[in-house]
1. I need the helices (runs of 4 or more DSSP H) fully contained in the stretch 101-196, keeping only those with at least 3 residues that are open to solvent by 60 Å² or more (accessible area, probe 1.4 Å) and free of Cβ contacts under 8 Å to residues at least 12 places away in the same chain.
2. Just for the stretch 58-96: of the residues that are charged (D, E, K, R), touching a residue at least 12 places away in the same chain (Cβ under 8 Å) and assigned to a loop (DSSP other than H, G, I, E, B), which one is nearest to Phe131 (Cα to Cα)?
3. So for the stretch 28-50 (the condition being in contact with an Asp or Glu (Cβ under 9 Å, 6 or more places away or on another chain) and charged (D, E, K, R)), does at least one residue qualify?
4. Out of (1) over 16 Å from the mean Cα position of the chain (by Cα); (2) within 16 Å of Asp87 (Cα to Cα); (3) assigned to a loop (DSSP other than H, G, I, E, B), the odd one out for Met12 is which?
Amino acid sequence: MTTRVVITGLGMVTPLGNDVATTWAGITSGKSGIAPVSKFDPSQHGVKFAGEVRDFDVTQYLDRKEARRNDQFVHFAMAGARQAVADSGLDIASMRDDVGVIIGCGRGGMRTMEEQYRVLFDKGPDRISPFFITMMVEDMASGVVSMQLGARGPNFSTVSACATSAHSIGESFEIIRRGDAKAVICGGTEASVNAM
């Protein structure tokens, strides 16, 4: 018997928009998400433009306390995951052990790393956040999404440079095909626009 695997829901946070409809409208109208850097002062950098996510409100997806404990790449993953689950109509509670989360990330919490290096050099090692490592590691996106949504199936992060998101989708396909999960929340996330 062959298992048919289908995509049932979508979610996006991109430089073109903070949801699928806005992003798609930007793509189909030929809009560019590239603009002057606003997240830091780029005056000393040779490149002064980037694809930044703008006007993003993390509190639509995570409470303030949880948001403070996570880097922005996790915020974006949580937003995309909540949007995709809502779009799909997936009832995770009824099948939590059969729902996996595979969200890839090429670099993880770059902004957190940069901020915590500043803390180390300006204030000393005792002032580094106790959440530093968990805010920085690539697999926190999958971990936080699974904890927040209650998905208890296979959970890990792919890391393969620019192919990371595609590998996450491919691995999710294989997990469902071989019967290790009935559904997988999958994709990729990154938040690497910073001075470093």
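1. Details: elements: 110-123, 132-136, 140-149, 164-177.
Answer list for the stretch 101-196: 110-123.
2. Arg69
3. Looking through the stretch 28-50, at least one residue is in contact with an Asp or Glu (Cβ under 9 Å, 6 or more places away or on another chain) and charged (D, E, K, R).
4. Single failed check for Met12: (1).
Let's see how each residue does on (1) more than 17 Å from Ser192 (Cα to Cα); (2) aliphatic (A, V, I, L, M); (3) in contact with a helix residue (DSSP H, G or I) (Cβ under 7 Å, 6 or more places away or on another chain):
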residue	(1), (2), (3)
Lys31	yes, no, no
Arg82	yes, no, no
Ala86	yes, yes, no
Gly100	yes, no, yes
Gly104	no, no, yes
Gly109	no, no, yes
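The values are calculated or read from the model by the stated rules, or taken from the named source; none is laboratory data. What you are looking at is a predicted structure, and each value in this text was computed from that prediction instead of being measured. All Cβ positions, glycine included, derive from the backbone under ideal geometry; neighbour counts span all protein chains shown. Surface accessibility is based on the protein's heavy atoms, side chains included, excluding ligands, DNA and RNA. Shrake-Rupley method; radii C 1.70, N 1.55, O 1.52, S 1.80 Å.
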